[in-house]
Amino acid sequence: MTEIVVSQTPPMLHGPTEKEKKYDRQLRLWAASGQAALESANILLVNSGAGTVGVETLKNLVLPGIGKFTIADDALVNEADLGVNFFLDESSLGRLRSECCTKLLQELNPEVQGDWFPKEKGPLDLANVLETSPIFTLIIYTNPIRKEDLATIEAYSSQHRTPVISIHSAGFYSYFRIALPGTFPIVDTHPEVEKTADLRLLNPWPELVEFAKEMTRNIDALDDHEHGHVPYVVILLHYLEQWRQSHSGENPNGFKDKTEFGKLVTRGARTNNPEGGEENFQEAVAAINKNIKAPELEAGVEEVFNHQVSDEAELESMFWVIARAIKQFYHKHGCLPLPGALPDMKAQSSVYVKLQSIYKAKARKDAQEVLETVRASPGGKDVDPTEVDLFCKNARFVKLINAKPRQLNLSQVFDTEKASDEEAEAMKVATCGAFSLPASNFFIYLALTATAHNPAATAEEIVSTITNAVPEAAGHERLWQVAQEVARAGGGELHNISAITGGMVAQEMIKIITKQYIPIDDTCIFDGISSRCQVLRL
Amino acid sequence: MATTAASTGPSRWQYLDKIRRNPGPFNQDSDVGDEALAAQDKAKILVIGAGGLGCEILKDLALSRFKDIHVIDMDTIDISNLNRQFLFRQDDVGKFKAEVAAAFVEKRVKGTKITAHNGRIQDFNEDFYMQFQIVVCGLDSIEARRWINAMLVNMVDMEDQDSLKPLIDGGTEGFKGQTRVIFPTLTPCIECQLDLYTPRAAVPLCTLATIPRQPEHCIEWAHIIAWEEQKPFPNLDKDDPEHITWLYQKASARAQEFGISGVTYSLTQGVVKNIIPAIASTNAIIAASCCNEALKIATTAAPALGFEESYMMYSGDDSIYTSTFKYDKKPDCTVCGEVAKPLQVDPKMTLKELLDSFALKADLQLKKPSIRAEGKTLYMQFPPSIEEQTRPNLEKTLQQDLGLDVGHEVVVTDPAFPTLTFRFILSFV
């Protein structure tokens, strides 16, 4: 309870620190908690090939202040690097690419630590790097990669439960895939503000009912000023009560009822004024559709409630202890804990503040109940109450990533994507081009993965590698085009495509490290010709 | 077809040249002869804005082998730029963005010439803009976008192909952003798509003055009312921490008086300066997407956005989602259209109410409109003598007092867009 008392005392009147000034534009997105998570992260990039997309990714993490990054790359800088990689210059030629990039990246932010391997020219011993370094929070590697390095990374990842992101950028195409250890739950998903209001008009609690009754007992006797400032929450509760009296206790249900109900509310507004109506009543009518409906669970919460926790590590995680307590709360009360926020609405200041405190008090009470359940359950004794508060506040929007099984059968994905392309084509023809859906990017993924260890493959070789794994792909026209396009790049990166991809990967890493917003699940394929992304679970 | 350069070891542009010199399945008819490719060497490209997007754009263009780049920006470097404007360091705070950014990229990527212009886009005339082949914008102001758009549309001379300058425009907010490509007069222009930006409705003054409910109301009260009454400093400088601290303290006191919580220094600054969250990664995505289009247009290495889909929207806060749209040109677009827009009004409205409504209309967004109807001046913002003469009209009603009627032609101008004339045909509700 202490944190609530603190928030009610007036804030200290001091300006921002130098660091807050520098990071102001990002703190508005992920707050101090997200920033702290970034600053304690330790990232490894295993770099290879044309070598730009990974470095571009790091740039976007060094700037916002990642704790530490390490580049493992034994390539020596050549002329071709200078035409694609911004974090090298003429003086880098012939030197270790890992060292040169690290030093120029570090210039971007003196608060970030950087390191590189190997220390001397010569082959990279990745196993040794992983053994001798502090535990990595996250590893990224770029294709093409040596098979033995890939095996080393995978072994490390499964031992330390480290998320791994693979990236491949070639010509106008790229993809990246996030491999997370086990399910990844997110509480702080930052839903759009317009979606978050939860007013409980159909299942109000006694304090709210009492407050509304008190205000509207003599609604017709209120003077015009008071009448024009009754908050819309109170107006709706008042007319809902009236409606139920004339509809044998039933709430307005369905479109027709709601339209009728809207008319009932509108008739309550006074029109003997220059505006010919009242703003608070207009707000009330506008709020009907969104707020007068039976509570239903969002798909994300449903998935959390139904998820069978099987993994040892997951069993111990506080997320699941709290999730179970919330599920128990839901089954007992038929609704989730109240988030407690009240949207702005026309009202007198004091009335609004009172109404706000009624919502907050109920939210606090709900959170307290969940907290007690958590404390009484195994593993929940030492829970941080702020974690419970945050969960209760965001309960409607929690989300589970990496929970569904991977689609290991690429032939199946191929058939699905091919069918959806054919459907899109048929639709385009039927509507004379007026309605068209984007073509699948899955074939780009197939063609890029076919060059994962062989960047110089010809289009024929790419198609033959693919048809070995996915026989259905033989003769597919778009796959042939895409294979030609990948072969055209010959394993070379285009700076723009790598910069776009590096931006996307950095966004995803920030989401994973801060546990805020919702990461992709789990592969994003980018087509720089049509400027489109597609996310697939692969 | 076969290249002989392979024996001399890797060349600087070998990755790019694989794409430039070998047509792919989606640009089979492209001319990849030396002469066609040399055109890119000679291309002059203009970057507007050297901020979050601008820094990235300069890097991306240089590494796309554009050799003659100009950049315009009037701003100087602030400490809050350093989390994403990666060409600037702590020691650069206070210097001109365009100058520092240009010097940095020129030094890093040898063979690139970058000319900096520390000034406003409005300081340059048609002759200046005519020298470029492509314009790439990384701006945070809608007004500046509208200005350059109008300039580039007006410059098009149907007899002279070179007068048509493709305009590539990027914008970001938090994890989201957009890229669009405009071929002035041929494809929908920025003014045609103006209604994509919804103007923010201001909080009514009476709420601020008498019934604040939100921390933002207290801050706006300090900003609009308390500051004007008390004038603690001669002019409000939104970048001066002392001024923001004054507003913050006023807002805090007012919030306490009304029992409202949530006023912080950061929120005060955010509301007063209308701060949009910005991060390096989103800028990287959008800037590179713009430059990818520039490269495709300059080299025909792949089909570019523009004539079919012209607009790419990126959203990264809930998974990753992109969509590309095809917009239609608006025949009544003020900038690139040929017919007057319909204007439907309440005949009992006063002229002032009509003018105020222009600020919030999504397809207009005019803050200082002057208005004429049927050749008669109804209200002019400038010069002061005419303003004074026409001011009494503001309180008059449109039909009864001013004699406006259905079918009348109404002409509106605004000093922010000196080259634009907004023409309307009046109708009544």
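The values are calculated or read from the model by the stated rules, or taken from the named source; none is laboratory data. Just so you know, these numbers come straight off a predicted model, no measurement behind them. As a convention, Cβ positions derive from the backbone with ideal geometry for all residues, glycine included, and neighbour counts pool all protein chains shown.
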>> Restricting to the range B:284-324, name every residue that is in a loop (DSSP other than H, G, I, E, B) and facing chain A (nearest Cβ under 7 Å).
In response: B:Ala302, B:Pro303, B:Leu305, B:Gly316, B:Asp317, B:Ser319, B:Ile320
> Would you pick out the residues in the range B:200-227 that are crowded, with 18+ Cβ neighbours inside 10 Å and either away from every other protein chain (no Cβ under 14 Å) or of a type in the set (Lys, Arg) (or both)?
Replying inline: B:Arg213, B:His223, B:Ala226, B:Trp227
>> Could you check the range A:98-131 and list, in sequence order, the residues that are loosely packed, with under 15 Cβ neighbours inside 10 Å and among the small types (Gly, Ala, Ser)?
In response: A:Gly122
>> Regarding the range A:41-54, can at least one residue be identified that is assigned to a helix (DSSP H, G or I), more than 23 Å from A:Asn143 (Cβ to Cβ) and at pLDDT 95 or above?
In response: no
>> Of all residues being in a helix (DSSP H, G or I) and of a type in the set (Asp, Glu) in the range B:208-258, which is farthest from A:Val353 (Cα to Cα)? Just the residue, please.
In response: B:Glu242
>> Within the range B:343-353, does at least one residue satisfy the condition of being crowded, with 17+ Cβ neighbours inside 10 Å, in contact with a Pro (Cβ under 8 Å, 6 or more places away or on another chain) and not assigned by TED's automatic domain parsing to the domain that holds B:Glu191?
In response: no
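Tell me, which helices (runs of 4 or more DSSP H) lie completely within the range A:292-364 with 2 or more residues that are touching a helix residue (DSSP H, G or I) at 6+ places or on another chain (Cβ under 6 Å) and of a type in the set (Gly, Ala, Ser)? Don't jump to the end; show me each part of the working.
Numbers: elements: A:299-306, A:312-316, A:318-333.
In the range A:292-364, the matching helices (runs of 4 or more DSSP H) lie at A:318-333.
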> Within the range B:31-50, can you find the residues that are within 27 Å of B:Arg120 (Cβ to Cβ) and either in a strand (DSSP E or B) or at pLDDT below 95 (or both)?
Replying inline: B:Ala43, B:Lys44, B:Ile45, B:Leu46, B:Val47, B:Ile48
>> Exactly one of these conditions fails for B:Asp68: (1) within 18 Å of B:Leu139 (Cβ to Cβ); (2) away from chain A (no Cβ under 12 Å). Give me its number.
In response: (1)
> Name the residues in the range B:259-277 that are in contact (Cβ under 8 Å) with a residue 24 or more places away in the chain, buried (at least 18 other Cβ atoms within 10 Å of the Cβ) and assigned to a helix (DSSP H, G or I), would you?
Replying inline: B:Leu267, B:Thr268, B:Gln269, B:Val271, B:Val272
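For B:Leu61, state whether it is crowded, with 24+ Cβ neighbours inside 10 Å, closer than 22 Å to B:Thr299 by Cβ and out of contact with any helix residue (DSSP H, G or I) (no Cβ under 6 Å at 6 or more places or on another chain).
Working: crowded, with 24+ Cβ neighbours inside 10 Å: yes; closer than 22 Å to B:Thr299 by Cβ: yes; out of contact with any helix residue (DSSP H, G or I) (no Cβ under 6 Å at 6 or more places or on another chain): no.
No, not satisfied.
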> Any idea which residue in the range A:25-52 is farthest from the other protein chains (Cβ to nearest Cβ), counting only those that are over 25 Å from B:Asn81 (Cβ atoms) and in contact with an Asp or Glu (Cβ under 8 Å, 6 or more places away or on another chain)?
Replying inline: A:Val46
>> From the list A:Arg375, A:Arg396, exactly one residue is of a type in the set (Lys, Arg) and in contact with a helix residue (DSSP H, G or I) (Cβ under 8 Å, 6 or more places away or on another chain). Which is it?
In response: A:Arg396
> Which strands (runs of 3 or more DSSP E) does the range A:125-193 wholly contain that include 1 or more residues that are out of contact with any Pro (no Cβ under 9 Å at 6 or more places or on another chain) and under 30 Å from B:Phe26 (Cβ atoms)?
Replying inline: A:138-142, A:164-170, A:173-179
> Restricting attention to the range B:94-118, which residues are modelled with pLDDT of 95 or more, in contact with a helix residue (DSSP H, G or I) (Cβ under 9 Å, 6 or more places away or on another chain) and not in a helix (DSSP H, G or I)?
Replying inline: B:Val109, B:Thr112, B:Lys113, B:Ile114, B:Thr115, B:Ala116, B:His117, B:Asn118
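Given the residues B:Lys330, B:Lys326, which is the only one that is over 24 Å from B:Gln122 (Cα atoms), touching a residue at least 12 places away in the same chain (Cβ under 8 Å), among the charged types (D, E, K, R) and surrounded by 20 or more Cβ atoms within 10 Å (Cβ to Cβ)? Break it down stepwise before answering.
Details: B:Lys326 fails: surrounded by 20 or more Cβ atoms within 10 Å (Cβ to Cβ).
Criteria check complete, one pass: B:Lys330.
Can you pull out the residues in the range B:10-30 that are in a loop (DSSP other than H, G, I, E, B) and facing another protein chain (nearest Cβ under 7 Å)? Step through it out loud before you land on a result.
First, the residues of the range B:10-30 that are in a loop (DSSP other than H, G, I, E, B): B:10-13, B:22-30.
Correct list: B:Pro10, B:Ser11, B:Arg12, B:Trp13, B:Asn22, B:Gly24, B:Pro25, B:Phe26.
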> Mind checking whether some residue in the range B:393-409 is closer than 20 Å to B:Thr334 by Cα, surrounded by fewer than 17 Cβ atoms within 10 Å (Cβ to Cβ), out of contact with any Leu (no Cβ under 9 Å at 6 or more places or on another chain) and not aromatic (Phe, Trp, Tyr)?
Replying inline: no
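Which one is farthest from the other protein chains (Cβ to nearest Cβ) among residues in the range B:156-177 that are closer than 17 Å to B:Val47 by Cα and not charged (D, E, K, R)?
In this case the residue turns out to be B:Leu164.
Mind listing whichever residues of the range B:264-274 are more than 7 Å from chain A (Cβ to nearest Cβ) and either closer than 15 Å to B:Asp60 by Cα or not hydroxyl-bearing (Ser, Thr, Tyr) (or both)?
From the range B:264-274, those more than 7 Å from chain A (Cβ to nearest Cβ) are B:267-269, B:271-274; that's our starting set.
Matches in the range B:264-274: B:Leu267, B:Gln269, B:Val271, B:Val272, B:Lys273, B:Asn274.
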>> Condition (residue is out of contact with any Ser or Thr (no Cβ under 9 Å at 6 or more places or on another chain), surrounded by fewer than 19 Cβ atoms within 10 Å (Cβ to Cβ), within 14 Å of chain B (Cβ to nearest Cβ) and polar (S, T, N, Q)) applied to the range A:196-206: is it met by at least one residue?
In response: yes
> Could you count how many residues in the range A:265-286 are over 42 Å from the mean Cα position of the chain (by Cα) and in a helix (DSSP H, G or I)?
Replying inline: 2
> Just wondering, is there one or more residues in the range B:163-177 that are surrounded by fewer than 19 Cβ atoms within 10 Å (Cβ to Cβ) and in a helix (DSSP H, G or I)?
Replying inline: yes
> For the range A:447-538, which fully contained helices (runs of 4 or more DSSP H) count at least 2 residues that are at pLDDT 95 or above and more than 31 Å from the chain's Cα centre (by Cα)?
Replying inline: A:459-469, A:477-489
